[in-house]
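Any read-out appearing in this document is the output of simple, stated calculations on the displayed coordinates, not a laboratory observation. Owing to the predicted nature of the structure, the values given are computational and were not obtained by experimental measurement. When we count neighbours, we look across all protein chains shown, and the Cβ atoms used for this are built from the backbone with ideal geometry, even at glycine.
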Amino acid sequence: MRNLPWVLARAVLVAGFVLFISLPLVMILLEAFGANWFGMRMLPAEWTLRWFGWAARTVDLVGVLINTAEIALLTTGLALVVSLPAAWAIARYRLPLKPILIGVILFPRMIPEITFALGVARIFYDVHLTNTVIGIALAHVMLAAPFAVVVLVSTFEGLDSRLLEAGTVMGCGPLGLFRRVTLPLALPGIVAAALFSFLASYNDFVLTLMVYGADTVTLPVQTYLSLGNGYLSVAGAISTILLVPSLLFLVAMLRMVRPENLLGGLKGA
Amino acid sequence: MSEPRLVLQHIDKHYGRLAVLSDISLTVPRGHFLSLLGPSGCGKTTLLRVITGTVTPDAGRVMVNGTDVTRVPAYRRNMGMVFQSFALFPHLTVADNVAFPLRVRALAREEQQKRVIEALRMVHLEALAERYPRELSGGQQQRVGLARAIVYRPTILLLDEPLSNLDASLREEMRLEISQVTRALEITAVYVTHDQREALALSDSIAVMKLGRIVQFGSPEAIYAAPVNDFIARFLGYANELPVVVGDGAARIEADGSTLHIPAPAPNGPATAFIHANAVVLETSGAPAPNRLACTVTDLAFMGDSVEYVLRHKAGLQLKARVPVGGAIHGRGAAIWAVLPPDKLIVVPRDAGPPSAG
């Protein structure tokens, strides 16, 4: 028997949750595509693309996009280079002081980002890494690597060692085993780690704000700058542009990697 | 005479202070099917890994075709292995799983295809070549495992409890499959199991293992007829055991001191007499006969072609008897004679247990 009040309550709860998550997003989209939105009006009086035009005229959008992409890609590559061997060692070997090691890796994510950012900025001024793509990418690696390591550790821990034994008995040397067995089995986890790293850099604002310069403005920083200039709708337009790759990645991730693989092991992936 | 396919000489392996394998020596001729039979923890799987090369022994030598391979890494030994867990690659189709060892060996494409089809046909799976392992039943997955292990014509085929992850109904079918494939290819096989029926049915010879040692080695018939101690007799599934003391050519049942006639002289001292359930004869009357024990029926189960009785002897011994259907059925509580024919009894010394040193 259907229990109608319960079904209704559930529908309201789900709708409320979706609204709670999406309302800020809806507001920004309305700001970006609307005009003459004043007072107590529910919706803007006018729909327009002019804020995107303004954004393009007042801001070097292409340059900002290129900066952002360069930094995010560089971060992704560096984060993988660092976290693949680290995660392999943590997952597959008996290491002394393993908890301390994991603590050190997670540290940059566990403290307030602004504290961490101040320290990074202090160092970067001395070594002239502010306002450089490589410098900002290096700083972002500190934020991206913890995520990547956590995902990769659970990936590598989930690798079935019997499959590795099977590969070895069937004739795979160490390199062949990595290429033919380990890598394909771990691929969903590696893709997830790469996406997380990319987004950690792409979405970052606080740390970037402390070390960016005129040549290295990223989209989140540009959004903030435009807001500072008093143009909420232009900031909304830039935010909307910022949103597109994030949503694409989210869709890609859900299609390529089963969500449970991000949370637990990869058994039977 | 050609060299034996596999010779193990005085293999020792310790994990910390635990001796997993102690002084194991074995010879397996070409085309021979050897089973390593023993309870879990007896070292049989470790011994298999010593042969594949994924475990290096602390002492001893592994000889394949007369060549010492003890220090040769596993991936250069050309061994084939069937795993208890199947160990199929989940990211590859059935055909790609079977082709995997051929790709590693960089065989020509046409040769690969030919051999994959051949191997899949051998295990009757050619129709499922494009499926993924997760789409197959356990029995089908293990047949893929078998095809993958023979497709590159390994020097020795090793099977690690290949049936124990299968449903009971599938085990016999898969066992026949393994038997047919290994005989057809005349491949040398080493088969690890804790199931004495599998070992008896498949093997040319059996090594019974306990606590890292080989306790008895011989043909299935010889081991079944004459187990060397009570551990092996129990392991081979003898249903009835009677603790006895042997002296002056006769055995006395420990429980009540009555005499048990035994077929052949046994060494003096404590021993155990064994008899199969289907060798026990039940009588309700008749002349006194040797080895006739007064019992009460405590339980019975109708098995279709036979009836299984659980009997209790007055001295407290419990006996099991399996009688073909046809005669009268004795109900619970019935008084009955259980006759143990002397020629069906075996009397073996009691296992000394683990050696105290080592």
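Under 5 Å between amide H atoms, partner at least 5 residues away or on a different chain: which partners does residue B:70 have, H built in plane at 1.01 Å?
Amide H neighbours of residue B:70, under 5 Å, 5+ apart: B:62.
Can you tell me how much longer the chain between residue A:56 and residue A:38 gets when fully stretched, taken as 0.36 nm per residue apart minus their C-alpha distance, in nm with one decimal?
4.0 nm
Please give the calculated 222 nm ellipticity per residue for chain A, where each DSSP H segment of at least 4 residues contributes -39500 (n - 2.57) and the sum is spread over every residue; nearest 500 deg cm²/dmol?
Using -39500 (n - 2.57) per qualifying helix, the result is -25000 deg cm²/dmol.
What is the average number of partner chain Cβ atoms found within 10 Å of a Cβ in B:85-95?
Rounded to a whole number, the mean comes out at 4.
Which longest uninterrupted range of chain B lacks any trypsin sites (Lys or Arg not before Pro) assigned by DSSP to a loop state (not H, G, I, E or B) and surrounded by at most 15 other Cβ atoms within 10 Å?
B:132-313
Report the calculated FRET efficiency for residue B:325 and residue B:221 (r = Cβ-Cβ distance, R0 = 25 Å), to the nearest 0.05.
E between residue B:325 and residue B:221, to the nearest 0.05, is 0.35.
Is the shape of chain A best called rounded, prolate or oblate, per the rule: a/c under 1.5 gives rounded, else a/b larger than b/c gives prolate, else oblate, with a ≥ b ≥ c the square roots of the Cα gyration tensor eigenvalues?
oblate
Filter the chymotrypsin sites (Phe, Trp or Tyr not before Pro) in the range A:39-115 to those in DSSP coil with at most 16 other Cβ atoms within 10 Å of their Cβ, and list the result.
Sparse-neighbourhood loop chymotrypsin sites (Phe, Trp or Tyr not before Pro): A:93.
Give the distance, in whole Å, between the Cα centre of the range B:206-284 and the Cα centre of the range A:171-187.
The two parts, judged by their Cα centres, are 51 Å apart.
Take the alpha carbon gyration tensor of the range B:36-97, find the square roots of its eigenvalues, order them as a ≥ b ≥ c, and report rounded if a/c is under 1.5; if not, report prolate when a/b exceeds b/c, else oblate. Kindly include the intermediate steps, with their values, before the conclusion.
Working: a/c = 2.67, a/b = 1.40, b/c = 1.91.
Oblate.
Could you pull out every whole DSSP H run in chain B that spans at least 15 Å of Cα extent along its own axis and averages 0.0 or higher on the Kyte-Doolittle scale?
B:94-104
Could you give the nm distance between label points at residue B:259 and residue A:106, where each point is 7 Å from its Cα heading toward the beta carbon?
With each label point 7 Å from Cα toward Cβ, the separation is 7.8 nm.
What is chain A's relative contact order, in percent, from Cα pairs under 8 angstrom and six or more apart in sequence?
About 28 percent, as a whole number.
Relative contact order (percent) for the range B:145-288, with alpha-carbon contacts under 8 angstrom and 6 or more residues of separation?
Result for the range B:145-288 is 14 percent.
Residue by residue, what Karplus-based ³J(HN,Hα) values in Hz, rounded to whole numbers, does the range B:326-343 have, using 6.51, -1.76 and 1.60 with θ = phi - 60° and x for Gly and Pro?
x, x, 5, 9, 8, x, 4, x, 5, 7, 7, 9, 9, 9, 10, x, x, 6
May I ask for the longest run of chain B untouched by GluC sites (Glu not before Pro) that are loop-located per DSSP and have at most 10 neighbouring C-beta atoms (other than their own) within 10 Å?
It works out to B:187-358.
If I fit a long axis through the Cα atoms of helix A:98-110 and take the longest principal axis of the Cα atoms of chain A, what angle between them do I get, 0 to 90°, rounded to 10?
Between the helix axis and the principal axis of chain A, the angle is about 10 degrees.
With equal scatterers on the alpha carbons only and no solvent term, can you work out the Debye log10 of I(q)/I(0) for chain B at 0.07, 0.11, 0.15 1/Å?
Per q value, in the given order, log10 I(q)/I(0) is -0.41, -0.85, -1.20.
Count neighbours as other Cβ atoms within 10 Å of each site's Cβ, and list the chymotrypsin sites (Phe, Trp or Tyr not before Pro) in the range A:99-182 that are DSSP loop with at most 15 such neighbours.
none
Mind listing the long-range amide H neighbours of residue B:210? Cut-off is under 5 Å, sequence gap 5 or more, other chains count too, H placed in the peptide plane at 1.01 Å from N.
B:215
Can you give the mean number of other chain Cβ atoms that lie within 10 Å of the Cβ atoms in peptide A:170-177?
6
What distance in nm separates the two pseudo spin-label positions at residue B:131 and residue A:250, each 7 Å out from Cα along the beta-carbon direction?
That separation, rounded to one decimal, is 3.9 nm.
Just tell me which lysines come within less than 26 Å, Cα to Cα, of residue B:13; anything on the same chain fewer than 8 places away is out.
B:44, B:210
Using only the alpha-carbon atoms of the range B:218-284, report the extent along each of the three principal axes, biggest first, to the nearest angstrom.
For the range B:218-284, the Cα spread along each principal axis is 34, 33, 18 Å.
Relative contact order of chain B: what whole-number percent is it, with Cα pairs under 8 angstrom and at least 6 residues apart?
Value for chain B: 16 percent.
Can you work out the FRET efficiency for the pair residue A:126 and residue A:94, with r the C-beta to C-beta distance and R0 = 56 Å, to the nearest 0.05?
Working: r = 39 Å, r/R0 = 0.70.
Once the sixth-power term is evaluated, E becomes 0.90.
To test your reading of the geometry: what angle, between 0 and 90 degrees and rounded to tens, separates the Cα axis of helix A:133-158 from the longest principal axis of chain A?
50 degrees
Count, for each residue of B:70-83, the Cβ atoms from other chains sitting within 10 Å of its Cβ, then give me the mean as a whole number.
3
What number does the range B:129-254 give for Rg over Rh if you use C-alpha atoms and the Kirkwood radius?
1.10
Once the cut-off is 36 Å, how many percent of the Cα-Cα pairs in the protein assembly as shown end up in the long-distance tail? Walk me through the numbers on the way to the answer.
Working: 118017 of 196251 pairs.
Everything past 36 Å amounts to 60 percent.
Take residue A:232 and residue B:173, extend 7 Å from each Cα along the Cα→Cβ direction, and tell me the distance between the two endpoints in nm.
A separation of 7.0 nm, rounded to one decimal place.
Quick check on the range A:1-84: take the gyration tensor over C-alpha atoms, sort the square-rooted eigenvalues as a ≥ b ≥ c, and tell me if it's rounded (a/c under 1.5), prolate or oblate.
Details: a/c = 5.12, a/b = 1.29, b/c = 3.98.
Judged from the Cα gyration tensor, the range A:1-84 comes out oblate (a/c at least 1.5, b/c at or above a/b).
Can you run phi through the Karplus equation (6.51, -1.76, 1.60; θ = phi - 60°) for the range B:282-292 and list ³J(HN,Hα) in whole Hz, with x for Gly and Pro?
Listing the rounded values in order: 9, 9, 9, 8, x, 5, x, 10, x, 6, 9 Hz.
Nearest 10 degrees, 0 to 90: what angle lies between the long axis of helix A:232-256 and the longest principal axis of chain A (Cα atoms)?
That works out to roughly 30 degrees.
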